[in-house]
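Notes follow once the structure below has been shown.
We did not get these values from a lab; they are worked out from the coordinates using the rules stated. Just so it is clear, the model here is predicted, and its values are computed rather than measured. Neighbour counts run over all protein chains shown; Cβ positions are idealised from the backbone, glycine included.
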Amino acid sequence: MHRVGSAGNTNNSSRPRKEKRLTYVLNDADDKKHCAGVNCLALLKSSGTDGSDYLFTGSRDGTLKRWALTDDAATCSTTFESHVDWVNDAVLVGDNTLVSCSSDTTLKTWNSLSDGTCTRTLRQHSDYVTCLAAAEKNSNIVASGGLGGEVFIWDLEAALAPISKSGDAMEDDCSNGINGSGNSLPISSLRTISSSNSISAHTNQSHGYVPIAAKGHKESVYALAMNDSGTLLVSGGTEKVVRVWDPRSGSKTMKLRGHTDNIRALILDSTGRLCLSGSSDSMIRLWDLGQQRCVHSYAVHTDSVWALASTPAFGHVYSGGRDLSLYLTDLATRESFLLCTGEHPILQMALHDDSIWAATSDSSVHRWPAEGRNPQKVFQRGGSFLAGNLSFSRARVSLEGSALVPVYKEPTLTIPGTPGIVQHEILNNRRHVLTKDTAGSVKLWEITKGIVVADYGKASFEEKKEELFEMVSIPAWFTVDTRLGSLSIHLDTPQCFSAEMYSADLNIAGKPEDDKVNLARETLKGLLAHWLAKRKQRFGSQASANGDLLSGKDVSHRSLTHSRIEADIIAENDSMVYPPFEFSTVYPPSIITEGSHGGPWRKKITDLEGTEDEKDFPFWCLDCVLNNRLPPRENTKCSFYLHPCEGSTVQILTQGKLSAPRILRIHKVINYVLEKMVLDKPLDGVNPDGTFVPGLAGGQLQHSVIGDGTFRSGLKPWQKLKPSIEILCNNQVLAPDMSLATIGSGQVMCMTSRR
């Protein structure tokens, strides 16, 4: 399962503490569009005559967006960004509170009419939170369900109340990461739920509010619904039963059987007497909770039913699911209409006057005619079919070829999204990633700048990958995934600091060409350039020069206990961001990480306030950016053997095992050989170009003062030399600009006169 970040071990653990991860998410498109499937919808109706209605969408890209609606347009007015994984559901409660849940195991609350500030993070679930339910007439009650069978009932008034604490208890409990103003926010505690059936509803003085736990599910929960007053809760999931609860106590009142597969959607009427359920067995069932039985079954779909919405009077139901179709069914007469079909499974719906919004696994959202105020208008058209009561009856009709014709061919309005990335390949140079999106477009990304450097359009991904192949070997210093529909670049210490390049290879002007550049360090400097500038404005230049960012007790603690950090301090604090590591401010990436307190958080690099510290960022990240210190790394050198080829007249004074940096080029080995050859006169010193290698010392090739000049204009040093020898490995002539890492450690290389 997907996890972002990693929690440190407890003090009693003997296992080494796993460092927190830093991830940055790249984006090259309009931030006002989703770039992955839309999982949920919530509609806020205007209370005034001249106000706008708002649609809220939650996406697999980890964000929510607010859309101002008119008859013929939807305008994105705010992006809500704080979740670090898929947003799975969202509900509106009270006047303007938006509650969302995510696969990052949290619930978050937002002021729905604000600029996107998260007001609180609620942590109680131990796994993905998949669904929410709210009471329309009780603005304080929200229920959440998730994987692992967890169901919690939250009193938002109590959960959002300020918590009075002092000392370290405040530090341990307060923070979700960061809110829009840069302040830490209180969170509820993470408390392990025992396997007993007792109801957990109490307040822990040291950890704050704890919700009611409704226990009974042994497997995952995928659907919840609550009546208007908040006195009845129903849940369903992989156990194929509908469970009914009293949310005031968390006690079970009944269990309803009938479905033969996972229950994926539930809705209740306003009184809580009638319940509709949709299942992966393709059936819709109507339950009378007073009679505790199923009173009707509707075989409408040919595949899983994933979404349900009803008219206010609960006389008609709109249903959608895996078969890409949206149906309208009269619950009394069993007449059903195919309203429309699309190209993607329907995940959730929201009825809006005479229209219905449909969210799918695509990044776009569509509005379809629905006649929600008077559904009978649809049935007056004719062409309906009678829903059977057995799932195979609908499947048989479909197989017999009596294809239904949808009433509506095109949506009345579409909120477009951007194509999400579905395929990627990290190229050998470890700076470029090739991607393919859902529209078939192939692009080349430079991940150290966060930009697209080439857009190949609808090209062959495999052909482009072969075309861009380079015979180079650079350590894997980052990992990538596309779960959020974008490129997420993960940096884990110490592995991320394993890759180095010469400044000449990066074409960095004004920097000595033989200076080694650590790719991760420079990338971190580029990502946090805005944060560092903000911090300097707030605290002065000393904040970046001597690590004042860290609190006194943490500095002393780290200095004593982190002996693993190598004293790799640059004499002069090198805070300059070089061009190959300058990130876009037009489409800035978002950072996902966590510090010593709270959980993972997400924010755009341009929204960082400069107040974030070790409670928010991993210590290794701050130590790198502020102090230019890197953790211990694996051996960055490569060993090899150098001998004359059989029959060659070339001789060398020193033979045996040699070692040199992995990034050293073959042309410098050639220079070394020329200097050591018996038959040629050794050259004196190193000329201003840095062309030759000084003598061998301690069996190592000295390289630090030698220029590479790989990407500079004009001739390279080895081209100026016109060397009279060649280096071979496994009978293959090695190109002068090839690195030792490409050849591999422990190889035997031969030298011979150039023919």
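Some observations on this one:
- Placed amide H near LEU339: partners under 5 Å, 5+ positions off or other chain: LEU326, TYR327, LEU328, VAL407
- Segment GLN380-ASP53, length gained on full extension (0.36 nm per residue, minus Cα span): 114.8 nm
- Note on ALA29 and SER114: the model spin-label points, each 7 Å out from Cα along the C-beta direction, lie 2.8 nm apart.
- 5 angstrom amide H check on ALA370, placed H, neighbours 5+ away: SER355, ILE356
- Net length gained if the chain between THR636 and ILE426 were fully extended (0.36 nm per residue, minus Cα distance): 73.5 nm
- All lysines inside 24 Å of LYS465 as judged from Cα atoms, apart from same-chain residues fewer than 8 positions distant: LYS436, LYS443, LYS449
- Members of LYS604/LYS637; LYS20/LYS604; LYS458/LYS604; LYS32/LYS604 lying beyond 25 Å, as alpha-carbon distances in this model show: LYS604/LYS637; LYS458/LYS604
- Spin-label model, LYS516/ARG373: points 7 Å from Cα along the beta carbon direction are separated by 7.4 nm.
- Our coupling estimate for segment 494-509, obtained by passing each phi through the Karplus curve with A = 6.51, B = -1.76, C = 1.60 and θ = phi - 60°, is x, 4, 5, 8, 7, 9, 10, 9, 6, 4, 5, 5, 8, 6, 8, 6 Hz, Gly and Pro reported as x.
- Fewest-first sequence of VAL733, VAL91, VAL480 by Cβ atoms within 10 Å of each Cβ: VAL733, VAL480, VAL91
- The alpha carbon centroids of segment 419-445 and segment 506-532 are separated by 24 Å.
- Rough spin-label spacing in nm, given labels placed 7 Å along Cα→Cβ, for ASN731 and THR70: 7.5
- Hz values of 3J(HN,Hα) by residue in segment 332-346 - Karplus curve (6.51, -1.76, 1.60), Gly and Pro given as x: 7, 8, 6, 5, 9, 10, 8, 6, 6, 10, x, 10, 9, x, 8
- Between the beta carbons of VAL405 and GLU136, assuming R0 = 30 Å, the FRET efficiency works out to 0.25 to the nearest 0.05.
- Whole-Å distance, taken between Cα centres, linking segment 140-164 and segment 319-395: 33
- For the pair LYS252 and ASP354, the difference between a 0.36 nm per residue extended length and the Cα-Cα distance amounts to 33.0 nm.
- GluC sites (Glu not before Pro) lying in DSSP loop within segment 319-372, provided at most 16 other Cβ fall within 10 Å: GLU343
- For ASN389, the residues 5 or more places off, or on other chains, whose built amide H falls under 5 Å of its own are ALA299.
- Estimated FRET transfer efficiency when R0 is 45 angstrom, pair ASP261-THR231 (beta carbons, to 0.05): 0.95
- ³J(HN,Hα) computed for each position of segment 593-599 - Karplus, 6.51 cos²θ - 1.76 cosθ + 1.60, integer Hz, glycine/proline x: 6, 7, x, 7, 10, x, x
- Efficiency of FRET between THR333 and ASP127 - r from beta-carbon atoms, R0 35 angstrom, step 0.05: 0.25
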